[in-house]
1. Just read off the accessible area of residue 356 with the full protein assembly in place, 1.4 Å probe, to the nearest 10 Å².
2. Can you give me the accessible area per residue for the chain, using a 1.4 Å probe, in Å²?
3. Please go through the range 33-87 and write out the trypsin sites (Lys or Arg not before Pro) that DSSP classes as loop and that have at most 14 other C-beta atoms within 10 Å.
4. With angles folded into 0 to 90 degrees, how steeply does helix 162-175 sit against the dominant principal axis of the chain? Use alpha carbons for both and round to 10.
5. Report, in degrees rounded to the nearest 10, the 0 to 90 angle that the Cα long axis of helix 40-51 makes with the longest principal axis of the chain.
6. Can you compute 3J(HN,Hα) from phi for each residue in the range 260-269, using the Karplus curve 6.51 cos²θ - 1.76 cosθ + 1.60 with θ = phi - 60°, rounded to whole Hz and x for Gly and Pro?
7. Which value, in debye to the nearest 20, gives the size of the charge dipole of the chain about its Cα centre, when Lys and Arg are +1 and Asp and Glu are -1 at the Cβ?
8. About the Cα centre of the range 308-457, what is the dipole size in debye to 20, counting +1 per Lys and Arg Cβ and -1 per Asp and Glu Cβ, all else neutral?
Amino acid sequence: MELWPTLKSGPLLIWKNIKKIIYLNFEKMTEKLVIVGAGVAGVNAATKLVDNGYPGENITIIDMGKSPYERKPEEVMTGFLGAGGWSDGKLTYHTAIGGHMSKYCGEEKAMELFDEVINNFKRFHPKPEEVQCSDPQAEPDFIKPYFGLRLFPVWHVGTDYLHEIGKNWYDFLVDKGVNFEWEAKVVSIDFKNQKFEALDIYQLDQPYANTRVGDYDRLIFAVGKSGIDFAQSLQEEYIFPTEPKPVQIGVRFEAPQHHFQKLIDISYDFKLYRKFEDKGVSLRSFCTNNNAAYVAVEETYGDYSYNGHAKKDMTFKNDMTNFGILMEIRGVENPFEWSRKVVKECQIKDKGLYYSPSRNVSQTSEGNEVEAFQIGSKELSKVKESFQGYFDYITDFIEDMKKVFPTLGDDWGIYIPEVKYLSPEPLVNYPDLSLKNHPNVHFVGDALSARGITVSGAQGIYVANYMLNIKYHTEDMWYDGDNTLFI
């Protein structure tokens, strides 16, 4: 009531406008939302919405994979919570790691969004008290002649808890009415008419496949690495303004943990790095796993690449360490196609490759050999040719690690390749991550060049926040979705 004397229109007109505004907001809350991809970005967006009263029955999530009840441990690329939420479980807690967030909303807001992602993982965790944060503070002198070390906090969820987290989280969303369409691939999107087509994944290569046609009022495009080719095809079809992204490719390095223990004691998820700015190349260790650490196969576009994960349960302890050695290469024309070509050339008998001066292929946490074809020096020379000279940077990186960690010697192996597929990043509107010419289509996660769980989840929540706080204008007043009036 105290606002009424300040309004020029008078109380009767105000009441009329309020009714109209509330009606408009109700209409928006009944929007049909389609989320393409059930990874961390899409799931966090849906969770934020239903937590704040958005009708779950108006949300449909489409994914090529399976629910957490049907998804097998080795199916790491598609399905509920995506790749990172199924086999990693380390949540980086810094805006300079894992992709863009602060450039859209500022440092303070980005960290608030990260907190929401981390709290969601704790919320559905069977033992939330075991989620802990490591926060290294000092860069050790012994690495400085050879490497830089990025120091940042990391929350450790525990890989072996991820499946239970997935089930709890999925049950929550289903109970809220969210619709899931599993083992379906969206193959086309008509932005103008707000329609999409999807195929059953088992019919993708069939000429007379049954196509599902659906429509939407708003769409969140949240595909993971397996959908980056589709993202690129949309960019080409609709001629999005984009920002070129560099190549992200390398190997998954594995060795007994004791060689790295003095660094692990300082930084569990250590990130060694070096830059060659004049060559357009930088290298970093990525996604370090220790104690109960295993190499994981990723199959994308029919080819094998490698990642890693670490179990929390010490019954799986193997005293191994693995991490990616990733190169960021700038200046490559068509980086997505270039990366796919390199990956395809690093396959023998439909498997990725393993090279070691002294070791054999290691075992998975299920007790099976990691699927990789072991090669010698002759085949390694062909790998170097496929990398078009860039593999020498990885070789030098390993040689200098042997100097920093003198017990390492030849007691190591590399799985080839590890890759992060990035298509050109679409230029989006900063307040809601929507496409410039399609304000009801939002890109998040890998589709927007996120490279980590925390950033992907934060982008999903950011879009959901926008949807929950859209301002509607009627005559001389604004309604902000929270019963607040603005003149």
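1. 20 Å²
2. Per-residue value: 43 Å².
3. none
4. Around 20 degrees separate the two axes.
5. On a 0 to 90 degree scale, this one is about 30.
6. With the stated coefficients, the range 260-269 comes to 10, 4, 5, 7, 4, 4, 8, 9, 4, 9 Hz.
7. The calculation lands at about 460 debye.
8. The dipole of the range 308-457 has a size of about 100 debye.
The values are calculated or read from the model by the stated rules, or taken from the named source; none is laboratory data. All values reported here derive from a predicted model rather than from experimental measurement. Please note: Cβ atoms are built from the backbone with ideal geometry, for glycine as well, and neighbour counts cover all protein chains shown. Side chains are part of the model used for accessible areas, which takes the heavy atoms of the whole protein and leaves out ligands, DNA and RNA. Shrake-Rupley method; radii C 1.70, N 1.55, O 1.52, S 1.80 Å.
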